[in-house]
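**Student:** First the structure, which I've put down as structure tokens, then a few questions once you've had a look.
The values are calculated or read from the model by the stated rules, or taken from the named source; none is laboratory data. For clarity, every value in this text was computed on a predicted model and none was experimentally measured. Accessible surface is based on the protein model in full, side chains and every heavy atom, while ligands, DNA and RNA are left aside. Shrake-Rupley method; radii C 1.70, N 1.55, O 1.52, S 1.80 Å.
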Amino acid sequence: MVQVNAIGDACPIPVIKTLHALQDLNGAGTVQTLVDNEIAVQNLTKMANHKQLKSQSEKRSNTEFRVQIEAGENAAGTLTKDR
């Protein structure tokens, strides 16, 4: 599992950091991104849905959310296709 700390980052930075982490997986794996606002959670969830990746989110406190995105073996090809 790769963890991305995007607390304090304004959108679209959490999405960009998460995309880079997903690309670095080179296949199957999980990226867990920590953010501090619900807009970032929504944007990360939309990105995962667009890439057809499984995601789930959790509110850990009033200022911390966790978004976990699971990538399959075809994730690398899916993620680089839009470049």
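**Student:** Roll a 1.4 Å probe over the protein chains and send me the accessible area per residue for the chain in Å². Spell out each step's value before the answer.
**Tutor:** On the way: 4870 Å² over 83 residues.
Value returned for the chain: 59 Å² of accessible area per residue.
**Student:** How would you classify the range 11-50 from its alpha-carbon gyration tensor, with a ≥ b ≥ c the square roots of the eigenvalues: rounded for a/c under 1.5, else prolate if a/b is greater than b/c, otherwise oblate?
**Tutor:** Values: a/c = 2.07, a/b = 1.78, b/c = 1.16.
Cα axes put the range 11-50 in the prolate bin.
**Student:** Can I ask one more? Tell me the angle of helix 38-50 to the major Cα principal axis of the chain, expressed in degrees between 0 and 90 and rounded to the nearest ten.
**Tutor:** Between helix and principal axis, roughly 10 degrees.
**Student:** OK, next. Using a ≥ b ≥ c from the Cα gyration tensor of the chain (square roots of the eigenvalues), is it rounded, prolate or oblate, where a/c under 1.5 gives rounded and otherwise the larger of a/b and b/c decides, a/b for prolate? Walk me through the numbers on the way to the answer.
**Tutor:** On the way: a/c = 1.93, a/b = 1.73, b/c = 1.11.
Judged from the Cα gyration tensor, the chain comes out prolate (a/c at least 1.5, a/b above b/c).
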